[in-house]
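The values are calculated or read from the model by the stated rules, or taken from the named source; none is laboratory data. Everything numeric in this text was worked out from a predicted model, so none of it was measured. Heads up, the Cβs are rebuilt from the backbone with ideal geometry, glycines too, and the neighbour counts pull from every protein chain shown. Side chains included, ligands, DNA and RNA excluded: accessible areas come from the protein's heavy atoms. Shrake-Rupley method; radii C 1.70, N 1.55, O 1.52, S 1.80 Å.
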Amino acid sequence: MTPSGEMARQRAESDVDAHAVAGVAAGGGATATLAGRSGAGPAGGLTVRAATLEEWREVAEWAAAEGWNPGHGDTDCFHATDPDGFFIGLLDGQLVSSVSVVNYSSRYAFLGYYLAHPDHRGRGLGLATWRAAVPHAGERTIGLDAVPEQEATYRRAGFATAYRTTRFRGWPGRAGRGGPAAVPGGAGVSVVPVGAEHLDEVAAYDRRCFPADRGAFLARWLTAPGHHAYVQVRDGRVAGYGAVRPCRDGYRVGPLFADTSRGAEAVFDALMGHVGPGEVVYVDVPDPHHSARALVVSRGLEADSHTMRMYTGAVEAVRVERGYAVTSLELG
């Protein structure tokens, strides 16, 4: 997200109201109607319901217009993860607001795409959509990535800050690039493209790095058109993996997990073999992981913007030292 994109995201989230959002699991439902408020609300009713894939493609265009720089195939990969978890607000049949509340497991959900159309902001439509959608998570812990300017608001709404994520942006140097053949390795170590034969092992590895099983999502994400994914295999077992995908502006890396910094470097450099000269690359790096920051800086990227990872409750412990790049700010 560019600095201007971060400002746009802040504006898009400006419908958040701390008092109304507090107690995020209370009230509403998967489909709800909000009557207009005299003098302030819509002239009519707002209907909130789950979005079709085609409707969510329109939301993705909003996100692109806000400068969020979505990947070209993100919508198809995301929506199938929990088709009932992508909500839109309709006013007189017109799509005016959105939010996703994706249930990964019986204990964990992730919130994203909290948007109101620019022509309909300041009327409480985003907040009404939030209220109707959040109960989809039930008793699950909800995670989200917030711009710093909204951090205090989300805290009052019941979220606690876990750590900061920094988006790095730049044009990686050519040294060490060109695919796995250019990556140094040792006996019993290889970096190879992810194939169907790797998916189950990669999903098992990911489960130790992410607070829920997302094997079905990864099967789509790692094999989607335009996506390139590599796995590091050490002595016959998965020791790291990562993916890169084309976006509206350049490429985004994510996820990137590895047992060691050397392994992360090997996977990263293999991924960069698919990025053309002069193409910009974006990587969202969890700040607590200093080796991850050192990796992207060593490849010529610079800090561009920040978000705050926040949760409503306890999250299952994961191998945070393996996390070199967040999958996405929309789905965690």
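Inclusion of residue 57 among residues that are among the basic types (Lys, Arg) and either crowded, with 22+ Cβ neighbours inside 10 Å or not in a helix (DSSP H, G or I) (or both) is not warranted. Test residue 250 against the criterion of being among the small types (Gly, Ala, Ser), within 18 Å of the chain's Cα centre (by Cα) and more than 26 Å from residue 109 (Cα to Cα), and give yes or no. Judged against the criteria, residue 250 is a match.
Kindly establish whether residue 116 is open to solvent by 20 Å² or more (accessible area, probe 1.4 Å) and more than 16 Å from the chain's Cα centre (by Cα). Against the criterion (open to solvent by 20 Å² or more (accessible area, probe 1.4 Å) and more than 16 Å from the chain's Cα centre (by Cα)), residue 116 does not qualify.
Can you tell me which residue among 287, 269, 259 is more than 20 Å from the chain's Cα centre (by Cα) and surrounded by fewer than 18 Cβ atoms within 10 Å (Cβ to Cβ)?
Among 287, 269, 259, only 259 is more than 20 Å from the chain's Cα centre (by Cα) and surrounded by fewer than 18 Cβ atoms within 10 Å (Cβ to Cβ).
Given the criteria within 19 Å of the chain's Cα centre (by Cα) and within 19 Å of residue 87 (Cα to Cα), does residue 143 qualify?
On the way: within 19 Å of the chain's Cα centre (by Cα): yes; within 19 Å of residue 87 (Cα to Cα): yes.
So residue 143 passes the test.
Taking the criterion of being out of contact with any Leu (no Cβ under 9 Å at 6 or more places or on another chain) and surrounded by 24 or more Cβ atoms within 10 Å (Cβ to Cβ), the only residue of the range 86-107 that qualifies is 87. If you check residue 24 against the conditions, is it β-branched (Val, Ile, Thr), open to solvent by less than 30 Å² (accessible area, probe 1.4 Å), under 14 Å from residue 130 (Cβ atoms) and modelled with pLDDT under 95? Spelling it out, residue 24 is indeed β-branched (Val, Ile, Thr), open to solvent by less than 30 Å² (accessible area, probe 1.4 Å), under 14 Å from residue 130 (Cβ atoms) and modelled with pLDDT under 95. Does residue 292 meet the test of being buried (at least 23 other Cβ atoms within 10 Å of the Cβ) and closer than 25 Å to residue 102 by Cβ? Answer is yes for this residue.
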